[in-house]
Amino acid sequence: MIQFFNTLSGKIEPFHPLMPGEVRLYTCGPTVYDYAHMGNFRAYIFEDLLKRFLISMNYNVIHVMNITDVDDKTIKGANAEGVPLEEYTRRYIDAFFEDINVLNIFKANYYPRATEHIPDMVIMIKGLLKKGYAYEKEGSIYYNISKFADYGKLSKIDLNKLKPGQRIESDEYEKESPQDFALWKKKKEGEPSWKTEIGEGRPGWHIECSVMSSKYLGQTFDVHCGGVDNIFPHHENEIAQSEAYSSKKFVHYWLHCRHLIVEGEKMSKSKGNFYTLRDILQKNVDPMAIRFLLLSTHYRKILNFTFEALNQASASLQRIKDFLFELKNHPFKKGENKHISELIEETRHKLISGLSDDLNISVVLSALFEMIRKVNILISKGKVYMKDAENLISFIRYIDKILAVLPEEEEETLAIEVQEKIKIREKARVERNYELADKIREELLRKGIFLEDTKDGVRWKKMK
Ligand code: AMP
Ligand code: ZN
């Protein structure tokens with residue numbers, strides 16, 4: 001049975017999607033005013049793990065991630081540079097797609113952009129006005145939170161702090177000041193705006209997620225994710241808008257990841273510990289080590305990003321790669337050891353039950369490394385055979401469909417001409433033509449392929 005911690009109920013709950021075999025998932029995407037930082041990738045990688053796990057359990061996952069390309073921050077950034085909003089956000093949208101590709105993050109089915117859904121937002125705002133949940137004030141339109149009886153059910157805010165009639169224009173504000181928030185902001189000098197039936201202006205941030213999620217996933221769907229900072233006000237306001245509008249339950253499971261901090265402190269530009277993915281990659285770090293590190297702390301625990309932890313992640317990853325290399329290159333004898341198939345099944349069981357238990361990644365990783373340790377001992381004792389090696393390789397590939405930290409399969413095979421060179425060298429060695437053998441060895445080394453002569457024959461290894 002799969003179970004997740006649902007922020008809405010504050011409890012671990014069994015997971016039952018609305019439609020058997022299908023999961024409809026919405027994840028809050030980037031606000032494209034800057035390059036995405038490590039904290040953002042913690043959220044995106046947690047969501048990717050969730051999605052890959054559900055896919056591995058044979059669910060068809062329909063995933064929508066919005067792109068916030070108009071809001072207070074994007075407008076401020078474009079104005080500071082003196083470029084049109086569209087030109088400014090395009091740079092960060094392109095960078096976002098490059099970054100998720102580098103980190104092996106599965107693409108969503110839809111990436112709706114706020115600026116492309118203004119008419120849909122106008123329809124929902126009109127509906128909220130009609131139902132009496134919204135009101136107009138000096139050309140802007142606000143949501144009246146006192147009208148929505150369930151306000152606060154996600155974030156559990158103290159409703160005594162509610163300030164009826166007080167309004168807030170900005171998209172982000174503290175839990176301490178729940179107020180009526182802007183659905184539609186009246187046109188201001190120096191801001192992009194749209195001429196619509198509800199006046200000339202631009203949308204607030206929260207309305208876009210209510211509108212775009214229901215457009216692509218329906219008015220009620222299964223899972224909504226984000227970082228904990230999204231719980232209030234963003235997700236609380238999404239619920240208020242969507243449920244008031246549709247009179248239906250908006251989302252069944254709300255999953256939020258805790259924050260990423262750096263060297264024990266909150267990331268901030270003034271502390272000099274604010275890292276985008278690009279900053280870290282510039283230090284010549286393997287992106288898969290970053291992915292491994294971001295994956296390896298349970299999503300509901302604070303993740304402390306340190307360079308030491310990054311080195312450890314890189315070493316752990318190398319252990320998996322070395323294991324795979326050994327399985328591919330060790331001269332195993334023909335045959336099979338039943339204990340290995342049992343070990344694989346035991347590990348598979350731990351992996352599935354670990355992930356089913358609110359994505360408990362620690363269980364998964366310790367089961368994997370325990371299996372590697374045990375198999376390595378058996379290899380050294382000559383108790384692993386060809387069939388076992390094949391089974392282990394496909395099992396590692398199965399695990400990596402979920403973790404996605406290993407290089408693509410093709411990269412691990414050698415080009416045909418390199419294989420030919422190795423054969424020529426083998427022949428030269430048999431013929432005691434060591435001069436030619438050494439020449440080929442050096443030539444391949446220059447190409448980053450290291451040859452090792454063992455009593456069981458030659459082995460190759462790709463160097464970094
Ligand atoms: P934003 O681009 O700020 O709208 O954020 C995109 C996603 O990253 C949201 O799900 C945020 O909750 C998440 N996020 C932002 N900062 C952090 C952080 N330090 N740790 C984890 N997730 C974060
Ligand atoms: Zn959102």
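Take the conditions touching a His at 6+ places or on another chain (Cβ under 9 Å), farther than 21 Å from Ala149 by Cβ, open to solvent by 20 Å² or more (accessible area, probe 1.4 Å) and away from ligand 2 (no atom under 13 Å from the Cβ) and apply them to Val223. Does it pass? So Val223 does not fit the description; no.
When we screen Leu255, Leu281, Leu293 for residues that are under 29 Å from Pro407 (Cβ atoms) and either in contact (Cβ under 8 Å) with a residue 60 or more places away in the chain or touching a Pro at 6+ places or on another chain (Cβ under 8 Å) (or both), the only hit is Leu281.
Screening the range 37-64 for residues that are touching a strand residue (DSSP E or B) at 6+ places or on another chain (Cβ under 7 Å) and β-branched (Val, Ile, Thr) and picking the one that is most open to solvent (accessible area, probe 1.4 Å) gives Ile55.
Close contacts from the range 369-382, counting a first residue that is open to solvent by less than 40 Å² (accessible area, probe 1.4 Å) and a second that is among the acidic types (Asp, Glu), with Cβ to Cβ under 7 Å and a gap of 6+ residues or different chains, come to Ile379/Glu326.
If you take the residues of the range 1-36 that are open to solvent by less than 40 Å² (accessible area, probe 1.4 Å) and in a strand (DSSP E or B), which of them is nearest to Gly226 (Cα to Cα)? Going through the qualifying residues, I end up with Thr27. For the range 383-397, filtering for residues that are touching a residue at least 60 places away in the same chain (Cβ under 8 Å) and either surrounded by fewer than 14 Cβ atoms within 10 Å (Cβ to Cβ) or out of contact with any Lys or Arg (no Cβ under 8 Å at 6 or more places or on another chain) (or both) leaves 2.
Across the range 231-271, the number of residues qualifying as aliphatic (A, V, I, L, M) and within 13 Å of ligand 1 (Cβ to nearest atom) comes to 6.
In the range 141-162 there is at least one residue matching the filter, namely being in a loop (DSSP other than H, G, I, E, B) and β-branched (Val, Ile, Thr).
Taken over the range 11-35, the criterion of being more than 7 Å from ligand 1 (Cβ to nearest atom) and of a type in the set (Gly, Ala, Ser) is satisfied by Gly21 alone. Taken over the range 338-368, residues that are among the acidic types (Asp, Glu) and crowded, with 18+ Cβ neighbours inside 10 Å amount to 1. For the range 199-215, taking the residues that are more than 13 Å from ligand 2 (Cβ to nearest atom) and surrounded by 21 or more Cβ atoms within 10 Å (Cβ to Cβ), the one that is farthest from the chain's Cα centre (by Cα) is identified as Gly201. Just give me the residues in the range 57-78 being more than 16 Å from ligand 2 (Cβ to nearest atom) and over 16 Å from the mean Cα position of the chain (by Cα), in sequence order. Matches in the range 57-78: Met57, Asn58, Tyr59, Asn60, Ile75, Lys76, Gly77, Ala78.
The values are calculated or read from the model by the stated rules, or taken from the named source; none is laboratory data. Predicted, not measured: the structure shown is a model, and the values here were computed from it. Glycine also receives a Cβ, built like all others from the backbone with ideal geometry; neighbour counts cover every protein chain displayed. We work out accessible area using only protein heavy atoms, side chains counted, and drop any ligands, DNA or RNA first. Shrake-Rupley method; radii C 1.70, N 1.55, O 1.52, S 1.80 Å.
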